[in-house]
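As structure tokens, the structure follows; a few thoughts come after it.
The values are calculated or read from the model by the stated rules, or taken from the named source; none is laboratory data. Quantities reported herein were computed from a predicted structural model and do not represent experimental measurements. Cβ placement follows ideal geometry from the backbone for every residue including glycine, while neighbour counts extend to all protein chains displayed. Remember, those area values only see protein heavy atoms, side chains included, never the ligands or the DNA or RNA. Shrake-Rupley method; radii C 1.70, N 1.55, O 1.52, S 1.80 Å.
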Amino acid sequence: MKIKMGFAILVAGLLLSGCSGSKNVIYVDQLDLKQMESGWGQNHIGKSVDGNPLKIAGKTFERGIGTHAVSKFLVKIGGSAESFDGLVGIDDESSKPGTVEFMILGDRKVLWRSGIIKKGDIAKEVHVSLKGVDKMAMLVTDGGDDINYDHADWINARITYRDIAPTVTSLVQKEPYVLTPQNSKPRINGASIIGAKPHHDFIFRVPVSGKAPLKVVVSGLPTGLVFDAKNRSISGKAPASGVYEFTVNAENSEGSVSKKIAIRTDNGLSLTPPLGWNSWNCWGLSVDQNKVKAAADAMVSSGLADHGWTYINIDDGWEAAERTKDGVLLANEKFPDMKSLTDYIHSLGLRMGIYSSPGPKTCGGFQASYQNELSDARTWSKWGIDYVKYDWCSYGQIAKDQSLPELKKPYQLMRKMLNQVDRDIVFSLCQYGMGNVWEWGGEVGGNLWRTTGDITDSWNSMAGIGFAQSKSSSFAHPGNWNDPDMLVVGKVGWGPSLHPSHLTPDEQYTHISLWALLASPLLIGCDMTQMDPFTLNLLTNDEVLEINQDPLGKQAKQISNKDGIQIWTKPLSDGSLAVGIFNLGSDNGIETIRWDDQPNLQKVSLSATDLALTGKLKVRDAWRQSDIGEFDGSFEAQVPFHGVVLYRISPVK
Ligand code: GLA
């Protein structure tokens with residue numbers, strides 16, 4: 001009797017504790033997949049990222065998860081799991097070859113890695129012991145190239161465990177944090193020099209921030225230009241070739257301020273990098289007139305326009321399928337009236353940009369400008385367009401080869417046509433850097449030129465592009481800018497659905513700081529009607545924007561790269577130096593997953609000699625807009641993982 005009783009207690013105990021010794025299996029698709037990050041598109045259960053049946057190297061699978069690099073998923077298993085099993089591979093739906101690497105991580109260590117997997121490789125088996133692991137992560141990296149075409153499938157992914165069932169843990173690395181203090185004093189922002197061509201239509205919204213009501217007065221404008229206080233914009237006809245200085249005064253209950261701004265009509269356009277918005281990174285081909293209007297309204301109502309943001313640029317997706325019988329390019333039904341849209345944008349004091357390709361079709365397959373260049377330039381001019389992005393794409397079928405004359409030809413041609421219309425049209429070359437475009441983009445009449453392929457909102461993409469820009473540095477000048485592609489902060493998505501940028505808050509500080517240092521055109525890629533205070537803070541720090549808009553027009557160079565810390569410096573017109581200290585950490589994506597709340601600051605010490613300066617240095621933190629102090633010898637900075645400190649440093653006289 002005694003023995004029987006003891007046995008019954010033992011069995012009940014085992015059942016209750018759930019650790020009966022029997023193994024339980026949970027499929028990853030039974031967990032809350034909302035927390036799984038995907039570098040592009042949406043994760044799907046039982047389907048690929050594009051929503052097709054899961055298929056790897058010709059074989060279809062019933063069960064699994066379709067995702068896209070860079071993909072991350074963190075699971076709390078609490079030391080009670082036995083193993084992770086499944087198959088991995090690139091889905092056959094990828095339209096071009098992509099490469100990825102799958103990894104299983106446990107408590108900050110790589111437990112298993114697939115090695116580089118290419119499209120067409122048969123599904124690879126995963127069996128990883130999870131004994132003693134507290135947190136496990138499933139990671140898909142871009143395999144060392146970029147994330148394009150990286151449709152990645154986890155097949156039959158499952159965790160075998162004994163006691164505690166695995167649960168999902170949030171991946172959020174850090175809450176967004178705002179560094180810049182509110183400033184209620186009046187401040188006149190933006191460039192101190194504006195480029196325009198003689199006798200052309202001129203439009204400029206004077207960027208002034210500070211507590212409302214603000215009184216803004218403009219004096220000393222050249223004849224032909226008038227200031228309208230209602231929308232704070234100057235318009236009219238630009239004066240004859242020369243340099244004209246005018247004064248802006250701004251006043252509110254907190255004080256008054258004045259600034260001199262010069263209009264130059266003798267040195268071309270974009271004398272500082274263009275600041276604006278472009279529809280592509282949020283709306284992709286789903287852009288329409290209402291979205292563009294909403295963007296323009298938001299640029300004003302959010303206050304961005306008060307910090308110098310000016311251009312509202314429509315990317316691909318606006319063009320009608322057919323031209324008129326006279327060959328005139330038309331907008332499609334999503335843009336019922338391009339001229340009144342432009343008029344509306346101008347009425348806000350903003351400028352309007354458009355997109356086309358030198359080939360027969362744009363990248364999105366829409367009507368483009370091949371053999372209609374003059375007609376299209378005239379159409380844009382009639383509509384009042386101020387900026388044209390000209391995207392190579394199908395011109396690849398027209399060009400005889402990739403020689404320099406062939407690469408230059410379509411841009412020379414469009415430049416010639418743009419010169420025949422009496423409008424200031426900024427010319428943006430987009431051909432992803434072919435033939436080292438930075439060496440000749442200015443010569444063919446470009447104001448800016450893309451130096452790289454398309455950016456996405458992943459660390460690998462943003463950092464991969466941004467930190468590789470030293471080579472083009474010496475080619476940046478007022479009127480000629482290297483363009484490392486548009487910004488990926490805020491809500492992006494390439495349309496129609498959007499998601500918050502996958503960059504962590506520190507990575508977003510890095511992105512804006514680096515692009516500011518690089519004197520890059522800054523084109524906001526998010527839905528400006530949905531910006532949170534963090535995103536707005538990133539885009540409205542005037543001391544950061546001042547670094548970007550500095551009239552000297554120098555692009556930063558990397559001056560050191562050691563142990564994951566990179567230092568970039570940009571000489572500024574007042575003799576000071578903008579200095580970015582970046583903490584890149586290691587590059588395997590492991591640290592981008594928050595395992596614990598471990599401190600992630602890296603101490604960096606810097607001296608005048610490191611910066612090729614002498615004597616005492618005055619150091620100011622641009623994001624915090626505060627003086628750090630004066631230093632003899634060296635000073636120390638604390639740089640967050642994947643983050644930055646951005647300083648303005650001047651020798652003390
Ligand atoms: C290319 C460009 C992008 C965007 C799309 C539009 O990919 O690089 O910036 O303009 O085309 O189709």
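Just to be sure before I move on: is D297 outside any loop (DSSP other than H, G, I, E, B), open to solvent by 50 Å² or more (accessible area, probe 1.4 Å) and more than 16 Å from the ligand (Cβ to nearest atom) in the structure I sent? Yes; evaluated as a whole, the condition is true for this residue. The set of residues in the range 32-79 that are surrounded by 15 or more Cβ atoms within 10 Å (Cβ to Cβ), modelled with pLDDT of 90 or more and part of a loop (DSSP other than H, G, I, E, B) comprises N43, S48, V49, D50, N52, R63, A69.
With respect to being open to solvent by 20 Å² or more (accessible area, probe 1.4 Å), of a type outside the set (K, R) and either within 16 Å of the ligand (Cβ to nearest atom) or under 19 Å from the mean Cα position of the chain (by Cα) (or both), L285 fits the description.
G364 meets all of the listed conditions (1) farther than 30 Å from G236 by Cβ; (2) in a helix (DSSP H, G or I) but one, namely (2). Note on the range 382-409: among residues that are open to solvent by 30 Å² or more (accessible area, probe 1.4 Å) and closer than 18 Å to M352 by Cβ, the one that is farthest from the ligand (Cβ to nearest atom) is K382. Exactly one residue out of L611, L601, L584 is open to solvent by 50 Å² or more (accessible area, probe 1.4 Å) and either at pLDDT below 95 or out of contact with any strand residue (DSSP E or B) (no Cβ under 7 Å at 6 or more places or on another chain) (or both), and it is L601. Within the range 355-368, the residues that satisfy the criterion of being surrounded by fewer than 24 Cβ atoms within 10 Å (Cβ to Cβ) and of a type in the set (A, V, I, L, M, F, W, C) are C363, F366.
Of the strands (runs of 3 or more DSSP E) contained entirely in the range 90-142, those carrying at least 2 residues that are in the same structural domain as S80 (by TED's automatic domain parsing) and surrounded by 22 or more Cβ atoms within 10 Å (Cβ to Cβ) fall at 99-106, 135-141.
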